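Contents: one structure, followed by commentary.
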Amino acid sequence: MSEVLVEVKNLKQYFPIKTGLFKTTPLKAVDDVSFVINAGETLGLVGESGCGKTTVGRSMLHLYKPTGGEVLFRGEKVDAQSIKHLCREMQMVFQDPYSSLNPRMTVADIIGEPLDIHHICADKNERKEKIKQLMTLVGLNTEHARRYAHEFSGGQRQRIGIARAIAVNPSFIVCDESVSALDVSIQAQIINMFKELQERLGLAYLFIAHDIHVVNHMSRRVAVMYMGKIVETGQTAELAKNQIHPYTQSLYSAVPIPDPKMSRQRRRIILEGDVPSPLKLPGGCSFRTRCRFATDRCAAEAPPFTDRGGGHFVACWNK
Amino acid sequence: MSAKLLQVKNLRTSFFTDAGEVKAVNGLSFDLEKGKVLGIVGESGSGKSVTAYSILRILPETGKIIGGEILLDGEDITKYSKKEMREIRGCRIGIIFQDPMTSLNPVYTIGSQITEAILLHTDRTRAQAAARAVEMLALVGVNEPARRVKQYPHELSGGMRQRVMIAMALSCEPDILIADEPTTALDVTIQAQILELMQELQKKLGMAIIMITHDLGVIADMCDEIVVMYGGRICERGSADDIFYNPRHEYTKGLLHSIPSAAKLDEKLVPIGGSPIDMLNMPKGCPFFARCDRAMKICLDEPPEEIEINPGHFASCWVNVQQMLDDEKAAGGAEEAGQ
């Protein structure tokens, strides 16, 4: 059994939204989410836009102050104080390689900034060496250290973002849609690099993406989110062939298969209707308005998260 | 053959920028038959959207068609005047854009935007056009269409807006529907709804669809014929089965290897090395040269010619030529050895 690295307990993140002159309604972006990530492991987090997957990642690094619940890193609570030293251990790679790099800084400065903040290098030469090392590690040409971010393509920029994240030698990285903005051929390069770095540096990832193929490829365990809650979680292979929650079923069946023969044979489960407004979530189970199996019980009570064997957890009354 | 609805022959479209000429589409040819779905797949900057804009002649000011023909029912529409083109746009050829958030006018109701198209292209009266708008919205699965026509785009979700775009594009019963990344901005469950709807409507109305996307999954789902583009050129074209099960261009092969899946969980992906092509400094030969593992000297010097591999399956790759020569040599060698 490997060591528990990050533990998220009943995390809640509400944002106050003005809905009238004097009225604010809480938007429940993340509502009672719990999970564990072991050292060197990848947990995939999938869901549609607005389901709260990015908020989970950001709350974990204390970029937002959680409304409720807590995040523990090696047993230490992550709060405004502890994040100052814990951010040497927990890092993030963002979705958009264009807006997440400062256009006025050279690559060397971008990668060097975390080194300076945490006083990692004793002198200038060591800093220079370290930057070179990091650039080589992520497959960038070290001669390009004095260039600016706009001189690079999307894939190379994402490499710069990754070099910046691993500069402080972290043990956990939140990858928030880190390959979504890239073309397939470049995406495959970056995915391979994430895996290589994991093997070499023993990194653990929270891999957030909306593309199920990518998440499945990256992670051993997957959690599926809908409207701020995790509805199902389990081993990747198990989930790929045996989805229990009706939302997971339709989500998996909706993913286009890049194989003409297989996609001619399969049947999609088409969901009725649209995603409900997060400000006016239906009571009970929030999926019931689009669910084929919804009963009165679903409206009355939110379903508990129960173990269906082999670490496969589902929150549904009827399945 | 009369079944060929649209023929694009050696189309070349360039953008004239301050930095120089960008050959966005460079010698593109394909045919579209009646009632078929043609997929154009490629990475960003490969020229797939520019192809669509060239067909409808809605290129931005810097862009120009500098060569080739676009035959609609045998007539070259690149020679048409602006006024004649307006008759074709929306009426013969409809288009759905990628972003349903920005392609609807925010200050008009949905109803007035759909009726505008109908009034422009048919001789219906205003009342008939309004009734047609409601009917079209019902057809694309918008609930309570009579109420929706009075709503503004911002009141609808992304999936609903895309349905409105489809209703608008189909309101004049075009022969061809061009769908430019119609589901890229949508979530997968909504994407599944829209793709299912498009397939259903295509069967019902019998139109041809040109489906432009970077998503090989969508392509496999929807298309009969596929065109693979890279750097403004066609790499390969053929039936869906040809492209997926018997790819003959190194780029297509690389693309198919790059797709992640659960089945390949413990394998490493085989990515295409290198970076995307710089369109301002296009190589003289094959645009894929710099990223190709099997590149030869001729690839650098000369753009590959299109070869018909099997009936209807074309690829532009020198490797195929090399292979054919090798095969011939081997066959000749075997004969000699036999004698």
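As a test of the formula, what do you get for chain B when each DSSP H run with n ≥ 4 contributes -39,500 (n - 2.57) and the sum is divided by the residue count, at 222 nm and rounded to the nearest 500 deg cm²/dmol? Numbers along the way, then the final one.
Numbers: 12 runs with 125 residues, N = 339.
Calculated at 222 nm, the ellipticity per residue is -11000 deg cm²/dmol.
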Work out the P(r) tail for the stretch A:253-319: percent of alpha carbon pairs separated by more than 19 Å, whole number. 52 percent
Extension reserve of the B:K329-B:L280 stretch, reckoned as 0.36 nm per residue once the Cα distance is removed: 13.7 nm
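Averaged over its residues, how many other protein chain Cβ atoms are within 10 Å of peptide B:270-278's Cβ atoms? Walk me through the numbers on the way to the answer.
Numbers: counts 2, 11, 6, 2, 5, 8, 7, 1, 1.
Mean number of neighbouring Cβ atoms from other chains: 5.
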Taking H placed 1.01 Å from N in the peptide plane, check which residues at least 5 places from A:G284 or on another chain put their amide H under 5 Å from its amide H. A:A302
Provide, for q = 0.07, 0.08, 0.10, 0.13 Å⁻¹, the log10 of I(q)/I(0) from a solvent-free Debye sum over equal Cα point scatterers in chain B. -0.33, -0.43, -0.65, -1.04
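Report, in listed order, any pair from A:K53/A:K229; A:K28/A:K65; A:K12/A:K229; B:K150/B:K203 with a Cα-Cα distance greater than 20 Å. Walk me through the numbers before you get to the answer.
Details: A:K53/A:K229 9 Å; A:K28/A:K65 14 Å; A:K12/A:K229 10 Å; B:K150/B:K203 29 Å.
From A:K53/A:K229; A:K28/A:K65; A:K12/A:K229; B:K150/B:K203, over 20 Å: B:K150/B:K203.
Is the shape of the protein assembly as shown rounded, prolate or oblate, going by the alpha carbon gyration tensor and its root eigenvalues a ≥ b ≥ c, with a/c under 1.5 for rounded and a/b larger than b/c for prolate?
Working: a/c = 1.70, a/b = 1.17, b/c = 1.46.
Judged from the Cα gyration tensor, the protein assembly as shown comes out oblate (a/c at least 1.5, b/c at or above a/b).
Rounded, prolate or oblate for the stretch B:148-220? Axes are the square roots of the Cα gyration tensor eigenvalues, ordered a ≥ b ≥ c, and the cut-off for rounded is a/c under 1.5.
Numbers: a/c = 1.96, a/b = 1.15, b/c = 1.71.
Taking the square roots of the gyration eigenvalues as a ≥ b ≥ c, the stretch B:148-220 is oblate.
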In percent, how large is the relative contact order of chain B, given Cα pairs closer than 8 Å and 6 or more residues apart? 19 percent
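How much length is gained if the chain between A:T142 and A:T106 is pulled fully straight, taking 0.36 nm per residue apart and subtracting their Cα-Cα distance, in nm to one decimal?
Details: separation 36, 0.36 × 36 = 12.96 nm, distance 1.23 nm.
Full-extension gain reported as 11.7 nm.
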Table column - 3J(HN,Hα) (Hz), the stretch B:78-85, Karplus curve with 6.51, -1.76, 1.60, x for Gly and Pro: 5, 8, 5, 6, 4, 5, 5, 5
Convert each backbone phi in the stretch A:275-283 into a coupling constant with the Karplus relation 6.51 cos²θ - 1.76 cosθ + 1.60 (shift: θ = phi - 60°), then list the ³J(HN,Hα) values in order as whole Hz, x for Gly and Pro. 4, x, 5, x, 7, 10, 5, x, x
Run the quick spin-label model on B:R294 and B:E61: label points 7 Å from Cα toward the beta carbon, then report their separation in nm to one decimal. 4.7 nm
Inverting the mean 1/r over all pairs of different Cα atoms, compute the Kirkwood radius of the stretch B:188-275 and quote it in Å. 14.7 Å
A:T19 versus A:L63, label points 7 Å from Cα toward the beta carbon: distance in nm? 2.7 nm
So what J values fall out for the stretch A:237-253 if you push phi through Karplus, 6.51 cos²θ - 1.76 cosθ + 1.60 with θ = phi - 60°, rounded to Hz, Gly and Pro as x? 5, 4, 5, 5, 9, 9, 8, 9, 5, x, 5, 4, 4, 6, 4, 5, 6
Give the distance, in whole Å, between the Cα centre of the stretch B:242-257 and the Cα centre of the stretch A:77-125. 40 Å
For B:D123 and A:F305, extending 7 Å from Cα along the Cα-Cβ vector and measuring point to point gives, in nm, a value of 6.6 nm
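Please give the length that would be gained between A:V4 and A:I269 if that part of the chain were fully extended, namely 0.36 nm times their separation in residues minus their C-alpha to C-alpha distance (nm, one decimal).
On the way: separation 265, 0.36 × 265 = 95.40 nm, distance 3.67 nm.
Full-extension gain reported as 91.7 nm.
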Would you grab the residues whose amide H sits under 5 Å from the one on B:Q151? Only those 5+ places off in sequence or on another chain, please, with H modelled 1.01 Å from N. B:I110, B:G111
Can you tell me how the stretch B:58-146 classifies by the Cα gyration tensor, rounded, prolate or oblate, using a/c under 1.5 as the rounded cut? prolate
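With r as the distance between the Cβ atoms of B:N246 and A:Q235 and R0 = 35 Å, compute the FRET efficiency 1/(1 + (r/R0)^6) and round to 0.05. Could the numbers behind the result be given before it?
Working: r = 35 Å, r/R0 = 0.99.
That gives a FRET efficiency of 0.50.
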May I ask you to list the residues of the stretch A:246-262 whose amide nitrogen lies under 17 Å from a point 7 Å from Cα along the Cα→beta-carbon direction of B:E196? A:246-257
Directionally averaged shadow of the stretch A:106-164, computed from the convex hull of its alpha-carbon atoms, nm²: 3.5 nm²
Treating cross-link reach as a plain straight distance, find the aspartates and glutamates whose alpha-carbon is under 17 Å from the alpha-carbon of B:K79, omitting any fewer than eight places away in the same chain. B:E69, B:E87
Students often check this: by mean Cβ neighbours within 10 Å, which of A:303-309, A:168-174, B:138-144 ranks highest, and how do the rest follow? A:168-174, B:138-144, A:303-309
Sorted by chain and then number, the residues having a modelled amide H within less than 5 Å of the amide H of A:I173, at least 5 places away or on another chain, are A:Q91, A:A204, A:Y205, A:L206
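Since every read-out is calculated from the coordinates, none of them should be taken as a lab result. On a predicted model such as this, the values are computed, not experimentally measured, just so you know. Cβ coordinates were reconstructed from backbone atoms using ideal geometry, including for glycine residues, and neighbour counts include every protein chain displayed.
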